[in-house]
Amino acid sequence: MRVMVMDGQGGGVGKLLVETLLATIPGVEVIAVGTNATATANMMKGGTALGATGENAVIYNSARADAICGPMGILMANAMLGEISPAMATAVSGAEVPIFLIPMGKCNAKVAGVADKKLADYVKEVVDKIAEMA
């Protein structure tokens, strides 16, 4: 199973996802895809050897993953202070695979019914759902 972890800014959420995926799902292939080089590098510090950066990397890997996960903003054009281009958001939202999102307080989108949880709790929930697919 190949899971694309996408993040921007400093890549902290993505790094936690990478670490938890690798520690939880035996044999999972994780590719860290960042909107910028810092995000990609930090996610790779989570333990994956696969990383790519930028709009084309998002488009290319969205079409080749078995699952995609990251902060909620990866679906919204111009999110993360403009780091998510419309093409990136289209590639992720148009991928024909399960997409697992972590709600973030810094995002202007509010999702009704989302509980106020710690980041680690959301990450565990996402990873558990991906593990069910494996």
**Q.** Net charge of Cβ neighbours under 15 Å - reference Pro98; Lys, Arg +1; Asp, Glu -1
**A.** -2
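Among Arg2, Arg64, which comes first, second and so on when ranked by fewest other beta-carbon atoms within 10 Å? Can you show the working numbers first?
Values: Arg2 14, Arg64 11.
Placing the least packed residue first, the sequence is Arg64, Arg2.
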Q | Option label - Cα Rg over 2.2 N^0.38 Å computed here, alternatives (i) 1.11; (ii) 1.03; (iii) 0.93 | A | (iii)
Q | Paramagnetic reach from Lys118 (point 7 Å along Cα→Cβ, amide N under 20 Å) across region 1-44 | A | 12-24
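Just so you know, all these numbers are worked out from the coordinates, no wet-lab data involved. Computed from a predicted structure; not experimentally measured. Cβ atoms come from the backbone with ideal geometry, glycine included; neighbour counts cover every protein chain shown.
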